[in-house]
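Read through the structure below, which is laid out as C-alpha cells, and then see the notes.
The values are calculated or read from the model by the stated rules, or taken from the named source; none is laboratory data. On a predicted model such as this, the values are computed, not experimentally measured, just so you know. Cβ atoms come from the backbone with ideal geometry, glycine included; neighbour counts cover every protein chain shown. To get the accessible areas, we keep the full protein, side chains included, count just its heavy atoms, and leave off ligands, DNA and RNA. Shrake-Rupley method; radii C 1.70, N 1.55, O 1.52, S 1.80 Å.
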Amino acid sequence: MEIDVQALIFEFIGGLGIFLLGIKFMGDGLQKSAGDRLRDILDRFTSNPFLGVLAGVIVTVLIQSSSGTTVLTVGLVNAGFMTLRQAIGVIMGANIGTTVTAFIIGIDIGEYALPIIAIGSFLIFFFKNQKVTAAGQAIFGFGALFFGLELMSSGMSPLRSLDSFHELTLRMSETPILGVVIGTVFTLIVQSSSATIGILQGLFSEGAIELKAAIPVLFGDNIGTTITAILASIGATVAARRAALTHVIFNLVGTVIFLLLLEVFTALITYLQGVFDLNPEMTIAFAHGTFNITNTVIQFPFIAGLAWIVTKLVPGEDTIIEYKAQHLDPIFITQSSSLALDQAKAEVIRMGEYAFKGLEETNAYVTTQGKKHSELALQIEGALNNLDRKITDYLVSISAESLSEAESAKHTSLMDTVRDIERIGDHFENIVELIDYKISNKAHLTEQAMEDLNNMFDLTLMTVKQAIESLDHLDREAALEVVQKEDQIDKMERKFRKKHIIRMNEGLCSGSSGIVFVDIISNLERIGDHAVNIAESVLGE
C-alpha cells in the first residue's frame, strides 16, 4: 500500500496547528471570562499547600496550560505574593489540571467539532458584549481543538502500516527510556503537553502504538512541559527560578518512580480499561491522570524537602517586592491616632521608596531594553496600587476617630501624598508601555534624544528621591530644593521638545519615535509635578 507522504505531513502539521490554536483560544477565552479572578484564586487559595494544589488544578483547567499556570505562579513568587512552598503546591496542582484536556479529548465529540466552531465564531462576530465574545472564543477554541485532533488522527492513520514506524514502537516497548525521550523532545518542540498527549491518543486509537510503548511517552510529555517554565524564569528572581526548577524535579522524580513500576502501572491501566470499558483515548487520559495524581500524592508530604533542595541548587538572596503593607496595624487606630498616623507615614515613605525604585528600573529599561527591568517596574507599579488602597483605607479608618488640628493637617497631607506617589507609578508605567511600543514598532531614537532622556531621567530621579527624603525628615530645605529642581525639569522639557521638533524637521527622527520621545518627557515632567506636591505638603506643615 502506497502512503501519500505529503497528505500525511500536511494533515498532521495543519491539525497540530489548529489544535494548538484551539487550546490557546480556549485558554484565552476562559481567562477573559474569569478576568482577574485567576490571580485572586492563586493568591487566596495558597494559604496551605493542599489548597495550593486545588488552586493549581482550577487555574490550569481555566487557562488550559500547566506551563501557563507555572509561569503565572513564577510571576507571583517573583512579586512576593507567594512563598516557594506555596508555589510547589500550585505546581503539583497544575500537573493534575493539565490532564483534564486529555479527558476532554477522551469524550468522543470529534464529529461535532465543526458546528462547535460555528457557534463560537457566531458569538465572536455577532455580539459586541465582551463576556459573550470571551465565551465565544472559549467555545471556538474547544471546537478547534477537536477539529485539529481529527485532522491529526486521519493524517496519522496510515502510519500503522509503515514498517519503520512499527519497529520504532516495538523498540519503545522494549526500552521505555526511548519513549520518555521522544515525549520530552516532542513536547519541547510544540510547547504543549496536551498536544503531544492528543497525538498519542490518536495513535493509540488508530492501533498504531501499544499501551506499553505509549505510557513512557506520557512521562516524557510531563518533563517536556516543564521547559516552558524554565524559559519563563530565565532572568527572573531567584525565587522564580526555584519555582521553575521544582516543576522539573517533581516530574523527573515521578518519571523515575513510575519507570521502575512500569509493568505494574501498565497492568493497572489495562485493568481499568477493561473494567470501565474505556475507549482508547480515554485509556490514555486515565493513564495520564493516574500518573499525575499518584505522583502528587507521593511527593506531597515532601514539599518542604523539595523547597530545601531547590534552595540549595539555586543559591542567592531573593529580591522580593513586598506587596503587603508592613506598618498598618489596626490596633493603633483606636488606641492612639497620632501613633496610627506615624504608622501610616512610615508606610507612605516605604511606598515612596518603591516609587523611586520603579522609576530607576524604568530608566534602566529605557537604556538597556532588558525585559527584566520592565517586568520589575510593572511589578512595583502593582505593589504601589496595592499599597495605595491599603494606606488610603487605613487613613480613612483613622479619620473616623477625633483628631486634633495638627493631626488633621498631617492626615490630609498624607492622603494627598499617597495619591501623588501612586500617580508617579502610573507615569512610569506609561513610560514602560511607550518603550514597548518603540521596540515593537522598531522606532529609533537618535543618540541626542537618548542623551536628553538620560539627563531628564537623572534630574527626575533626584527630585523624587529628595521629595521622599524631605517628607521622611520633614526637611524644609530639601523640600525647597525639590521646588527648584522641578522648575529645572519644566524648563528641560520645553527645551528638549523644541530641539526635538528641529530634529523632526531635519528628518533625523521618524514620526513614531517622535511621539515616543515627546510622551516620555511629558510623563517625566508630570512625575516632577507630583514630587513638588509632596514637597509642598512638607512646606505647608
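Summary of computed values
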item: Filtered residues of the range 463-488 (kept if touching a residue at least 12 places away in the same chain (Cβ under 8 Å), closer than 18 Å to Lys345 by Cβ and open to solvent by 70 Å² or more (accessible area, probe 1.4 Å)); result: Lys465, Leu474, Arg476
item: Candidate set: the range 479-515, residues that are modelled with pLDDT under 90 and of a type in the set (A, V, I, L, M, F, W, C); chosen: the one nearest to Ile435 (Cα to Cα); result: Ile515
item: Number of the exception - Tyr112 against (1) open to solvent by less than 10 Å² (accessible area, probe 1.4 Å); (2) modelled with pLDDT of 85 or more; result: (1)
item: Counted residues, the range 208-233 - those being open to solvent by 10 Å² or more (accessible area, probe 1.4 Å), closer than 26 Å to Ala267 by Cβ and in contact (Cβ under 8 Å) with a residue 60 or more places away in the chain; result: 1
item: Every residue from the range 496-511 that is open to solvent by 40 Å² or more (accessible area, probe 1.4 Å) and touching a residue at least 40 places away in the same chain (Cβ under 8 Å); result: Lys499, Leu508, Ser510
item: Per-region count, the range 146-157, residues open to solvent by less than 30 Å² (accessible area, probe 1.4 Å) and more than 11 Å from Phe10 (Cα to Cα); result: 4
item: Selection within the range 92-104 - more than 14 Å from Ile58 (Cβ to Cβ) and buried (at least 24 other Cβ atoms within 10 Å of the Cβ); result: Thr101, Ala102
item: Leading residue by the ranking (farthest from Asn454 (Cα to Cα)) among those in the range 327-339 that are free of Cβ contacts under 8 Å to residues at least 60 places away in the same chain and not polar (S, T, N, Q); result: Ile331
item: Flag for Ile257 being within 17 Å of Gly179 (Cβ to Cβ), open to solvent by less than 10 Å² (accessible area, probe 1.4 Å) and without any contact (Cβ under 8 Å) to a residue 60 or more places away in the chain; result: no
item: Residue check, Ala287 part of a helix (DSSP H, G or I), buried (at least 24 other Cβ atoms within 10 Å of the Cβ) and at pLDDT below 80; result: no
item: Members of the range 516-541 found to be within 22 Å of Lys345 (Cβ to Cβ), in contact (Cβ under 8 Å) with a residue 60 or more places away in the chain and open to solvent by 10 Å² or more (accessible area, probe 1.4 Å), listed by number; result: His530, Val532, Asn533, Ser537, Leu539, Gly540, Glu541
item: Unmet requirement for Lys491, which otherwise passes all of (1) under 23 Å from Ile515 (Cβ atoms); (2) surrounded by 15 or more Cβ atoms within 10 Å (Cβ to Cβ); result: (2)
item: The range 384-397, subset surrounded by fewer than 23 Cβ atoms within 10 Å (Cβ to Cβ) and in contact (Cβ under 8 Å) with a residue 24 or more places away in the chain, residue farthest from the chain's Cα centre (by Cα); result: Ser397
item: Selection from the range 187-207 of residues that are open to solvent by 60 Å² or more (accessible area, probe 1.4 Å) and at pLDDT 75 or above; result: Leu188, Ile189
item: Only listed residue being crowded, with 17+ Cβ neighbours inside 10 Å and touching a Leu at 6+ places or on another chain (Cβ under 7 Å), chosen from Thr446, Thr460; result: Thr460
item: Evaluation of Asn441 against (1) open to solvent by less than 20 Å² (accessible area, probe 1.4 Å); (2) out of contact with any Gly (no Cβ under 8 Å at 6 or more places or on another chain); (3) not aromatic (Phe, Trp, Tyr) (one fails), failing number; result: (1)
item: Checking Gln369 against (1) modelled with pLDDT of 90 or more; (2) open to solvent by 40 Å² or more (accessible area, probe 1.4 Å), the condition it does not meet; result: (1)
item: Test for Ser402: is it in a loop (DSSP other than H, G, I, E, B) and surrounded by fewer than 22 Cβ atoms within 10 Å (Cβ to Cβ); result: yes
item: Unique match (being in contact (Cβ under 8 Å) with a residue 60 or more places away in the chain, under 19 Å from Ser66 (Cβ atoms) and not charged (D, E, K, R)) among Ser194, Ser205; result: Ser194
item: Residue check, Ile435 within 30 Å of Asp342 (Cα to Cα), part of a helix (DSSP H, G or I) and open to solvent by less than 70 Å² (accessible area, probe 1.4 Å); result: no
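Yes/no per residue for (1) open to solvent by 30 Å² or more (accessible area, probe 1.4 Å); (2) assigned to a loop (DSSP other than H, G, I, E, B); (3) at pLDDT 85 or above:
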{"site": "Glu281", "(1), (2), (3)": "yes, no, yes"}
{"site": "Thr296", "(1), (2), (3)": "no, no, yes"}
{"site": "Gly305", "(1), (2), (3)": "yes, no, yes"}
{"site": "Ile320", "(1), (2), (3)": "yes, yes, no"}
{"site": "Tyr323", "(1), (2), (3)": "no, yes, no"}
{"site": "Leu328", "(1), (2), (3)": "yes, yes, no"}
{"site": "Ser338", "(1), (2), (3)": "yes, no, no"}
{"site": "Glu347", "(1), (2), (3)": "no, no, yes"}
{"site": "Glu360", "(1), (2), (3)": "yes, no, yes"}
